[in-house]
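First the structure, in the form of structure tokens, and then the observations on it.
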Amino acid sequence: MDLSDAKIAFTASDAPAAQQSLEQLRSRYPYVNPREADVIVALGGDGHMLEVMREFGPMAPVHGMNRGTVGFLMNNYEEDRLHERLEQAQRVKVWPINMIGEDQTGRSFRAQAFNEVALLRQTRQAARIRVEIDGIERLDELVCDGLLVATPAGSTAYNLSAHGPIIPLRSRLLALTPISAFRPRRWRGALLPDETVVRMEVADGDRRPVSATADSTEFRDIAWVQVTTDKGHGVTLLFDEGQHLEERIIREQFLA
């Protein structure tokens with residue numbers, strides 16, 4: 001798609017810097033509603049970027065500009081030559097993972113994540129989680145603070161903090177990473193093909209409650225969740241020269 005004269009939509013987080021930049025860009029460039037846009041420019045941090053990806057990403061490519069903190073998914077903020085930057089930007093396709101599940105009352109829920117789905121203990125007591133991969137039990141009981149499934153794009157986020165592996169963007173893998181595993185102590189997680197179906201069941205959930213999060217969406221007191229890759233709703237991200245997401249993921253592996 002030619003983006004040299006693209007119809008642009010601007011979105012921004014509530015942060016003052018993002019709101020100020022939103023006003024400046026809208027004063028300089030014509031803009032449309034996100035649902036009518038050829039490209040969406042998201043102003044804020046990674047949290048806002050993930051919200052935009054979930055809501056509008058399947059409709060149009062997204063170009064993020066960092067007006068937040070970390071900004072791993074974002075480009076540097078610049079006001080000049082916007083159409084030229086969009087036309088020259090490098091593209092990368094990322095795929096979300098879908099989470100479905102039930103809580104302890106039998107109520108069902110679902111959510112989507114571009115970074116990770118994470119199970120976390122809600123109280124002082126460790127969680128007890130049974131892990132099933134493609135219908136086969138792989139761990140009858142993991143005693144831990146939590147367990148997460150991360151995408152390649154999300155492998156440098158919470159997954160990395162939990163000592164999970166960094167996954168190259170084109171590897172078609174998911175990381176299954178424990179958080180402070182107590183038993184089995186030596187289990188460090190697994191790399192799985194992205195077509196894998198991961199099912200995690202909570203044991204003794206009434207006394208050891210567990211929450212589940214898909215990026216920023218949280219459900220409490222869960223009984224089980226199932227995670228699959230969604231190949232039907234990929235999102236195209238745009239990166240300026242030298243800021244490509246794939247290069248950032250590789251670079252993370254060589255930081256001291």
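The values are calculated or read from the model by the stated rules, or taken from the named source; none is laboratory data. Just so we're clear, the structure is a prediction, and the values are computed from it rather than from any experiment. Don't worry about glycine lacking a Cβ; one is built from the backbone with ideal geometry, like all the others, and counts go over all protein chains shown.
Summary table below
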| item | result |
| --- | --- |
| Failed criterion for Val92 (all others in (1) within 30 Å of Leu25 (Cα to Cα); (2) out of contact with any helix residue (DSSP H, G or I) (no Cβ under 7 Å at 6 or more places or on another chain); (3) modelled with pLDDT under 95 hold) | (2) |
| Selection count where residues are touching a Phe, Trp or Tyr at 6+ places or on another chain (Cβ under 8 Å) and free of Cβ contacts under 8 Å to residues at least 24 places away in the same chain, scope segment 6-30 | 2 |
| All positions within segment 76-120 that are surrounded by fewer than 22 Cβ atoms within 10 Å (Cβ to Cβ) and polar (S, T, N, Q) | Asn76, Gln88, Gln90, Asn98, Gln104, Thr105, Ser108, Gln112 |
| Residues satisfying the stated conditions in segment 18-36, i.e. part of a helix (DSSP H, G or I) and over 23 Å from the mean Cα position of the chain (by Cα) | Gln19, Gln20, Ser21, Leu22, Glu23, Gln24, Leu25, Arg26, Ser27, Arg28, Glu36 |
| Filter result (farther than 21 Å from Arg128 by Cβ, in a loop (DSSP other than H, G, I, E, B) and modelled with pLDDT of 95 or more) within segment 142-154 | Thr151 |
| Residue that is surrounded by the fewest Cβ atoms within 10 Å (Cβ to Cβ), among those in segment 158-183 that are within 18 Å of Ala212 (Cα to Cα) and touching a helix residue (DSSP H, G or I) at 6+ places or on another chain (Cβ under 8 Å) | Ala175 |
| Some residue of segment 220-233 being part of a loop (DSSP other than H, G, I, E, B) and crowded, with 18+ Cβ neighbours inside 10 Å | no |
| Filter result for Arg186 (over 15 Å from the mean Cα position of the chain (by Cα), at pLDDT below 95 and farther than 30 Å from Arg91 by Cβ) | yes |
| Subset tally (residues that are farther than 22 Å from Leu160 by Cα and either at pLDDT 85 or above or crowded, with 17+ Cβ neighbours inside 10 Å (or both)) for segment 240-256 | 2 |
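Yes/no matrix, rows are residues, columns are (1) without any contact (Cβ under 8 Å) to a residue 12 or more places away in the chain; (2) within 16 Å of Arg208 (Cβ to Cβ); (3) of a type in the set (D, E, K, R):
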residue: Arg124; (1), (2), (3): yes, yes, yes
residue: Asp134; (1), (2), (3): no, no, yes
residue: Val143; (1), (2), (3): no, yes, no
residue: Ser155; (1), (2), (3): no, no, no
